[in-house]
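These notes are about the structure you will find just below.
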Amino acid sequence: MNRVGDSGSEFDRHADGGRSDDVSRRVGDRLRGMDRSAGADRPSGPSRPWRELGEVQPVGSMPDLPSLGPTVPVWPNLLFRELLAVLACLLVLLVVSLLFNAPLEAPADPATTPNPAKAPWYFVGLQELLVYFDPWIAGVAIPLVIVFGLAAIPYLDPSRKGEGVYTFRERPVAVGIFTFGLVGWFVLILVGLVFRGPGWAWVWPWTHGPVHPATEASGSLPNVVGVPLLLAYFVGGGYLLLRWIREWVGLGALARVTFVFLALAFAGVVLKIVLHLAFGLRYFVSFPGSGFSV
Amino acid sequence: MRSKGPLAWIRRTRFWTSVFRTGIPKDAREQHAVVLSNVFLHLHPTRVPQASIRFIRTFCLGGISLLLFCVLLVTGVLLMIYYRPTPGLAYTDIQELEAVVPFGQLLRNLHRWSGHAMVLAVIAHMARVFYAGAYRPPREFNWVIGVFLLVLTLFLSFTGYLLPWDQLAYWAVTVGTNMAASAPFIGHLGPFSVVDAGGDARAILLGGEVVGADALIRFYVLHCVVIPVVMPLLMAIHFYRVRKDGGVLARY
Ligand code: HEM
């Protein structure tokens, strides 16, 4: 079964003793849990008084009970902590709300466009991407791919390493990609929120007016170069990546293609930003008639 | 020995004991009974692994997201009493809320800052789940439900952003919804567009070509009814699955 030997790759699920099989067995056990002789594997009697109260069986709520270590009653251990967290949060909220008023600007006026007009902070990162991409990419394609990519994460990572602890060493690829994306998202937000002025030109927040006048990047590749380049990137690059990750045991064909698509899209966005900043690149390919430009 | 005093007496009345079937737990048996017999506490099992309730395992972030959602529900319902979603009234209603309604400014502040905090908390919760590797089997689908919750949280915040009907609200939502006009095929500015400005994705969102009265009522309904109804449904599934999948993942 194990095609890469004991390389111990992060994506090699068999290298750690086939825990994924354990999982399906555990789930099966749970479904059959009903007809197990109740609590045969657990002590009963006065030391476990909650037994008679119909405690949810460990097969139902706690797979792997032994490996989870000792348990404590929820009352008071967990409930006390929750109460503490609730009170602390409410206190912070109250203090902040007493100190800072929610903004209320002049009444809405469709005739007066503020410059710049900024989206709510959590979407400013996408707005910042408009510097580098056409609106259909920055505002539609990229958010859709992000949401799809996030939802796909569990199906693209077959490893069983580093669960229930925070670790970089046990799963460097996964942690690396996710952290890069998360930090990148907030860097874009920060740039859009703090460093963009009228006309979305770069400003230093401590000066008045733009430092660099807003410039339109104009250098586009001719389509005869751009089209083959894009094809080479997605088709050729995809083929190579697919061959490379074939070594990652435990991913089905669909998952591999998905992973490769997401990886190329992610890297492509970063690449385009770099090329734009370094060489003022505007488009790889451009078909003004249809509005399709990348 | 029976404790004395009016509170103790109330807790012994037939009515009180019919509501709360267990008092403050005095022994191990009652500690478990109290969790089992209360519908809210029963979100939890009666016992949890000690390793999984350490602060560092969750930073309480899922719970904080839930708490902020509840704060938003309460303050939001109170705001609805003073707010009418039409371009002529929305802005002045907010002004009156701040100037005339007792604690109106505080109410609005609480709602506003909780909204921002919830977006942050949900993102942070997602990050902590990721770094804990807690999306692996059998938790994969709960992660997917979480992603839906994240998207809904963003929509909840975004639809609320328009309601004060000030310049900030109006133009932020104009910028945001303009994106829909550039969607491929279904946006009139997008590539391969097959629609005109009056019938594209943005027009469906706004009920017109610009942010106006129709957009305000749409956002109001989404913000006050649709999303707040859908989210608790998803949360119920989310929490149920957290329990069924063995609670918060912790390596012992
Ligand atoms: C409104 C938003 C959300 C609420 C109220 C919420 C609430 C919770 C709560 C209370 C828990 C229990 C443990 C903890 O506090 O960490 C939890 C666990 C979990 N959440 Fe969320 N969550 C939300 C959004 C999300 C998002 C955006 C994701 C991921 C994309 C997610 C994925 C998960 C997973 C996989 C678990 C199980 C973690 C484990 O077993 O250790 N949730 N959630």
Tail beyond 23 Å, pair distance distribution of the stretch B:1-146 (Cα, percent): 61 percent
Estimated FRET transfer efficiency (residue B:82, residue A:148; beta-carbon r; R0 45 Å; 0.05): 0.65
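If you build the Cα gyration tensor of chain B and take the root of 5 times each eigenvalue, what three semi-axes come out, in whole angstrom, biggest first?
Details: eigenvalues 360, 145, 40 Å².
After diagonalising the Cα gyration tensor, the semi-axes are 42, 27, 14 Å.
Shielding of B:125-137 by partners, i.e. mean partner chain Cβ atoms within 10 Å per residue?
6
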5 Å-binned pair-distance histogram of the stretch A:114-293 (Cα, whole percent): 1, 7, 12, 17, 17, 15, 12, 9, 5, 3, 1, 0
Net charge of neighbours whose Cβ lies under 13 Å from the Cβ of residue A:133, counting Lys and Arg as +1 and Asp and Glu as -1: 0
The protein assembly as shown: proportion of alpha-carbon pairs further apart than 47 angstrom, %: 23 percent
Listed peptides B:151-158, B:167-174 by packing density, highest first (mean Cβ within 10 Å): B:167-174, B:151-158
Simple spin-label estimate for residue B:106 and residue A:115 in nanometres, 7 Å along Cα-Cβ: 4.3 nm
Carbon/sulfur fraction of accessible area - the protein assembly as shown, other protein chains in place, 1.4 Å, %: 70 percent
Charge-dipole axis of the protein assembly as shown as Lys and Arg at +1 and Asp and Glu at -1 on Cβ define it, positive-most pick from A:206, A:103, B:231: B:231
Options B:169, B:3, A:276, ranked by Cα towards positive dipole end of the protein assembly as shown, top entry (Cβ charges): B:3
FRET efficiency, 1/(1 + (r/R0)^6) with R0 35 Å, evaluated for residue B:27 and residue A:92 via beta carbons: 0.45
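Per residue of A:137-149, count partner chain C-beta atoms within 10 Å of its C-beta, then hand back the mean as an integer.
Counting Cβ atoms of other protein chains within 10 Å of each residue's Cβ and averaging gives 3.
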Helix-only [θ]222 nm of the protein assembly as shown, DSSP H runs n ≥ 4, -39500 (n - 2.57) each, per residue, nearest 500: -17000 deg cm²/dmol
Simple label model, 7 Å out from Cα along Cβ direction - residue B:251 to residue B:95, nm: 6.0 nm
At least 30 Å² of accessible area lost relative to the chain alone, listed for the stretch A:266-294 with a 1.4 Å probe: A:290, A:292
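Ordered by packing density, taken as the mean number of other Cβ atoms within 10 Å over each peptide's residues, highest first, how do A:131-138, B:191-198 rank?
Highest mean packing first, the order is A:131-138, B:191-198.
Please give the net charge around residue A:110, taking every other residue with its beta carbon less than 13 angstrom from that of residue A:110, where Lys and Arg add +1 and Asp and Glu add -1.
Overall, the nearby charge balance is -3.
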Under 5 Å, built H, 5+ apart or other chain: amide partners of residue A:72: B:48, B:50
Amide H partners (placed H, <5 Å) of residue A:196, local residues excluded: A:203
Solvent accessible area, Å² - residue B:96, 1.4 Å probe, full protein context: 100 Å²
Normalised contact order of the stretch B:94-252, rounded percent, pairs of Cα under 8 Å and 6 or more residues apart: 19 percent
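Summing +1 for each Lys or Arg and -1 for each Asp or Glu, what net charge is found among the other residues whose Cβ lies under 13 Å from the Cβ of residue B:215?
Working: positive: B:202, B:218; negative: B:209, B:214.
For residues surrounding residue B:215, the net value is 0.
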Within 10 Å of each Cβ in B:51-61, the average number of Cβ atoms from other chains: 4
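Using only protein heavy atoms and a 1.4 angstrom probe, determine the accessible area buried between A and B, summed over both sides, in Å² to the nearest 100.
On the way: alone 20430 and 16420 Å², together 28300 Å².
Chain pair A/B: roughly 8500 Å² of buried accessible area.
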Chain B: DSSP helices with Cα axial extent of at least 30 Å and average Kyte-Doolittle hydropathy no lower than 0.0: B:61-82, B:104-131, B:140-161
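Given a 1.4 Å probe, how much area per residue of the protein assembly as shown is accessible, in Å²?
Values: 28300 Å² over 546 residues.
Normalised by residue count, the accessible surface of the protein assembly as shown is 52 Å².
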³J(HN,Hα), Karplus 6.51/-1.76/1.60, whole Hz, each residue of the stretch A:189-202, x for Gly, Pro: 4, 4, 4, x, 7, 9, 9, 10, x, x, x, 6, 7, 5
Lysines whose Cα lies under 26 Å from that of residue B:26, excluding same-chain neighbours fewer than 8 positions away: B:4
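Give me the number: length gained by fully extending residue A:77 to residue A:206, i.e. 0.36 nm times residue separation minus the C-alpha to C-alpha distance, one decimal in nm. Spell out each step's value before the answer.
Details: separation 129, 0.36 × 129 = 46.44 nm, distance 4.92 nm.
Extending this stretch completely gives an extra 41.5 nm.
The values are calculated or read from the model by the stated rules, or taken from the named source; none is laboratory data. Just so you know, these numbers come straight off a predicted model, no measurement behind them. When we count neighbours, we look across all protein chains shown, and the Cβ atoms used for this are built from the backbone with ideal geometry, even at glycine. All accessible areas refer to the heavy atoms of the entire protein, side chains included, with ligands and DNA or RNA removed. Shrake-Rupley method; radii C 1.70, N 1.55, O 1.52, S 1.80 Å.
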